[in-house]
Amino acid sequence: MICDDDREQIEQLTRQLRQFFTSLHSKLPDIVSFESGEALLADTGSKDIVFLDIEMAGLNGIYVGKALKEQNKNTIIFIITSYVEYLDDAMRFHVFRYLTKPLNPQRLYDNLKEALHLYNTLSTTIAIETKDGLYTYNAYEIICVEAQARKVILYTLQRELESINSIDYWDEALSLPCFFRCHRSFIVNMKYIDHFDHSLIHLCSDRYTAYLTRRKYSELREKYLLYLESTR
């Protein structure tokens, strides 16, 4: 969705988005535009990725962005503006990116690729089969996977589940940018990393720890920094 009180800006951004998905030979998503924050908030449709202007008549983008996050914390918001002084206010409600006008197409495309990676992570549903039944979770709810002797345990935000599948199965099933196979017995979701050294990864305020193979330390460091950059 695009929300801007400048029709010319809406049309330009719409063209750039169409060019982006065409260049990827990807299906074009629905692109819906609004010329006021009031109209955007009144819309009842799904709001996955929103490009939001700050300086608008009526409700400004800061107010609208906060309201969108209250409705759905997983909405990915790009702030687009000529006014950098709003950066601190925008960051308080976890804006994904802050883009200045006039938009640089390459910067827009690079950041949109990262937004799509994040969207896929947030929207991917994972089926976890246990001896007792089948459970479904969003991928982002999985903190880590651990192989213990003959057991494979998935630690989620809600509970621990013993999977009937191997950790190699989960290494393939969790092929999203936020997951990292840090050890033959562990897969971690980088979203929940607190800190790590050359041998241990601490997750979820030290509720969980995972082993880190020493030779994978540099790889994790690089991927973790890229992951943090993609979610700033």
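Per this entry, residue 200 is counted among residues that are of a type in the set (A, V, I, L, M), farther than 30 Å from residue 82 by Cβ and open to solvent by 30 Å² or more (accessible area, probe 1.4 Å).
When segment 149-187 is filtered for residues that are farther than 14 Å from residue 209 by Cα and small (Gly, Ala, Ser), the ones remaining, listed by number, are 149, 163, 166, 173, 175. For residue 167, the conditions (1) touching a residue at least 24 places away in the same chain (Cβ under 8 Å); (2) surrounded by 13 or more Cβ atoms within 10 Å (Cβ to Cβ) all hold with the exception of (1). A Cβ distance below 7 Å, combined with a sequence gap of six or more or placement on separate chains, defines the contacts here; from segment 185-206, residues that are over 15 Å from residue 218 (Cβ atoms) and without any contact (Cβ under 8 Å) to a residue 40 or more places away in the chain reach residues that are open to solvent by 50 Å² or more (accessible area, probe 1.4 Å) and assigned to a strand (DSSP E or B) in the pairs 185/211; 200/209; 200/211; 202/194; 202/195; 202/209; 205/194; 206/194. For residues in segment 95-128 being within 18 Å of residue 175 (Cα to Cα) and of a type in the set (D, E, K, R), which is modelled with the lowest pLDDT? So, considering only residues that are within 18 Å of residue 175 (Cα to Cα) and of a type in the set (D, E, K, R), the one modelled with the lowest pLDDT is 114. Which residue is nearest to residue 153 (Cα to Cα), if the candidates are limited to segment 89-101 and must be open to solvent by less than 50 Å² (accessible area, probe 1.4 Å) and basic (Lys, Arg)? So the residue we want is 97. Would you mind stating whether residue 188 is in contact with a helix residue (DSSP H, G or I) (Cβ under 6 Å, 6 or more places away or on another chain), surrounded by 15 or more Cβ atoms within 10 Å (Cβ to Cβ) and not basic (Lys, Arg)? Considered against the rule, which asks whether it is in contact with a helix residue (DSSP H, G or I) (Cβ under 6 Å, 6 or more places away or on another chain), surrounded by 15 or more Cβ atoms within 10 Å (Cβ to Cβ) and not basic (Lys, Arg), residue 188 comes out as no.
Every condition in (1) in a strand (DSSP E or B); (2) of a type outside the set (Val, Ile, Thr); (3) over 20 Å from the mean Cα position of the chain (by Cα) is met by residue 194 except one, and the failing one is (3). Scanning segment 203-232 for residues that are surrounded by fewer than 18 Cβ atoms within 10 Å (Cβ to Cβ), in a helix (DSSP H, G or I) and among the small types (Gly, Ala, Ser) yields a single hit, 218. For first residues located in segment 31-57 and in contact (Cβ under 8 Å) with a residue 60 or more places away in the chain, partners that are assigned to a helix (DSSP H, G or I) and open to solvent by 60 Å² or more (accessible area, probe 1.4 Å) and lie 6+ apart or on another chain with Cβ distances below 8 Å form the pairs 48/119; 49/119. Condition first: within 19 Å of residue 29 (Cβ to Cβ) and either in contact with a Gly (Cβ under 9 Å, 6 or more places away or on another chain) or open to solvent by 50 Å² or more (accessible area, probe 1.4 Å) (or both). Now tell me which residues in segment 102-129 satisfy that. Listed by number, the residues that qualify are 105, 110, 113, 114, 117, 119, 120, 123, 125.
The values are calculated or read from the model by the stated rules, or taken from the named source; none is laboratory data. Predicted model, so just to flag it, every value in this text is computed and none were measured. A quick note on method: Cβ atoms are made from the backbone with ideal geometry, for glycine too, and the neighbour counts reach across all protein chains shown. Accessible surface is based on the protein model in full, side chains and every heavy atom, while ligands, DNA and RNA are left aside. Shrake-Rupley method; radii C 1.70, N 1.55, O 1.52, S 1.80 Å.
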